[in-house]
Amino acid sequence: MQPFDSARLHFRPFLESDTDGMFALDSDPSVHRYLGGIGGHMATVPAQSLDTIRFIQAQYTANGIGRWAVLLRETGEFMGWAGLKLVAGPINGQQDFYDLGYRFRPRFWGQGYGFEAARAWLDYGFGVLRLPRICAYADAQNGASRRILTKIGLREGAEFLEEDVRCVWYETVNPATT
Ligand SMILES: CC(C)(COP(=O)(O)OP(=O)(O)OC[C@H]1O[C@@H](n2cnc3c(N)ncnc32)[C@H](O)[C@@H]1OP(=O)(O)O)[C@@H](O)C(=O)NCCC(=O)NCCS
């Protein structure tokens with residue numbers, strides 16, 4: 001659980017002091033456009049975001065990993081989150097898989113940060129955590145997220161329905177364990 005950096009981003013475990021940033025993220029309809037039922041519900045009061053942070057912190061304890069806060073190194077601003085989550089499932093028939101995810105406030109979109117964060121977490125998952133396999137899934141219409149997953153080298157799998165949302169599955173195996 002040691003914080004780490006990529007070229008422009010700082011990754012660290014969530015703190016309760018991230019509540020305001022988390023609320024700004026999760027109360028924004030544009031952020032939730034492609035999350036539907038698959039990304040949790042939109043927050044309407046900051047207390048819900050604090051609950052989410054505590055829920056994520058419980059995953060750190062139970063699973064040794066969970067989503068981490070992402071800060072812009074240059075300014076220290078809270079941008080959103082990224083990271084790996086152990087998902088019990090079943091989702092797309094898969095159980096107990098490590099899911100790569102990311103979510104940023106819109107003013108940070110379109111500058112390559114999503115790709116940078118996804119790449120950093122793929123490296124962390126395979127290099128530091130030595131996971132054998134990393135998976136992801138996205139709303140089939142979420143072009144930016146799908147582009148990122150393809151660019152970092154995940155293999156596109158089948159389409160499936162999750163909470164009535166048409167999704168696409170992605171995965172890749174750790175080259176060090178094959
Ligand atoms: C998805 C998200 C993280 C992308 O972040 P970002 O920092 O804007 O992404 P990047 O700038 O690194 O890269 C986006 C890539 O997708 C491309 N792209 C953007 N919109 C696209 C679209 N509608 N269709 C196809 N490709 C698209 C960009 O051109 C870029 O590709 P390129 O580097 O080859 O030019 C951001 O939009 C977000 O937080 N969305 C809300 C939460 C969310 O949907 N999370 C993913 C859930 S699966």
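Here is how the numbers come out for the structure above:
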read-out	value
Counted charge near ALA47, where neighbours are those whose Cβ lies closer than 13 Å (Asp, Glu -1; Lys, Arg +1)	-3
The chain: Cα Rg divided by the 2.2 N^0.38 Å rule of thumb	0.97
Axial C-alpha extent at least 15 Å, average Kyte-Doolittle at least -1.0 - helices from the chain (DSSP)	46-63, 113-127
Amide hydrogen neighbours beyond the local backbone of ARG133, cut-off 5 Å, H modeled	ASN174
Nearest-20 debye value, the chain charge dipole, Cβ charges on Lys, Arg, Asp, Glu	480
Å³ per residue enclosed by the Cα convex hull of region 50-147	124
Region 4-177, relative contact order in percent, only Cα pairs under 8 angstrom and at least six apart counted	19
Computed [θ] at 222 nm, deg cm²/dmol, the chain (DSSP H ≥ 4; -39,500 (n - 2.57); rounded to nearest 500)	-9000 deg cm²/dmol
Relative contact order [Cα under 8 Å, 6+ residues apart], region 1-106, whole percent	26
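Laboratory data are not the source of any read-out in this text; all were calculated from the coordinates shown. Values in this document were obtained by computation on a predicted structure and should not be read as measured data. Cβ: placed from backbone, ideal geometry, glycine included. Neighbour counts: every protein chain shown.
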